[in-house]
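Undergrad: Here it is: the structure, laid out below.
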Amino acid sequence: MMSVPSIAAAALLFASMATAFAANDPKVVFSEKCALCHGKDGRAQTEIGKKVGAKDLTAKEAQSLTDTQIQTQVAKGKGRMPGYEGILTSKEIAEMTKFLRTLK
């Protein structure tokens with residue numbers, strides 16, 4: 001039988017693993033890192049997004065960028081948008097690109 005401290009340690013480990021896996025989910029990453037400016041729907045209609053001139057990610061202009069162009073902008077940043085190179089892995093940036101394509 002597991003002791004209370006062992007159960008608590010196992011629960012803590014599971015919770016931290018679940019958070020780590022959720023952080024790799026592009027929807028979660030977008031919500032945590034991008035939605036403040038671009039909005040949950042990607043249309044940049046947030047107060048901050050309007051102030052900083054965030055781009056509407058559902059617009060033809062954004063959707064017509066190549067995957068490489070999007071990945072470069074996410075990694076390096078552009079204008080007032082910070083870059084996420086070193087914060088997100090190249091795989092996470094590629095997954096984010098796929099997610100951004102779903103915004104309509």
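Undergrad: Considering the range 18-104, what Rg and Dmax in Å follow from its alpha-carbon atoms?
TA: 12.1, 36
Undergrad: Find out how many positive minus negative residues lie around H38, taking Lys and Arg as positive, Asp and Glu as negative, among other residues whose Cβ is under 9 Å from that of H38.
TA: +1
Undergrad: Can you work out D for the range 27-66 in µm² s⁻¹ from Stokes-Einstein, where Rh is the Kirkwood radius over C-alpha pairs, the temperature is 10 °C and the viscosity is 1.306 mPa s?
TA: Answer, rounded: 158 µm²/s.
Undergrad: Still on this structure, I have one more. Residues in the range 78-95 near a label at N24, defined as backbone nitrogen under 15 Å from the 7 Å Cα→Cβ point?
TA: 88-95
Undergrad: OK, next. Could you sort 40-47, 59-66, 82-89 so that the peptide with the highest average Cβ count within 10 Å comes first and the rest follow in order?
TA: With the highest mean Cβ count within 10 Å placed first, the list reads 40-47, 82-89, 59-66.
Undergrad: Could you pull the accessible area for D56 with a 1.4 Å probe, rounded to 10 Å²?
TA: Spelled out: D56, probe radius 1.4 Å, area about 50 Å².
Undergrad: Using a 7 Å offset from the Cα along the Cα-to-Cβ direction at both K51 and S90, what is the distance between the two label points in nm, to one decimal?
TA: 3.6
Undergrad: While we're here: Along each principal axis of its Cα atoms, how long is the range 58-102 end to end? Whole angstroms, biggest number first, please.
TA: Principal extents (largest minus smallest coordinate, Cα): 29, 23, 14 Å.
The values are calculated or read from the model by the stated rules, or taken from the named source; none is laboratory data. If you're wondering where the values come from, they're calculated on a predicted model, not measured in any experiment. So basically every Cβ, Gly included, is an ideal-geometry build from the backbone, and we count neighbours across all protein chains shown. We work out accessible area using only protein heavy atoms, side chains counted, and drop any ligands, DNA or RNA first. Shrake-Rupley method; radii C 1.70, N 1.55, O 1.52, S 1.80 Å.
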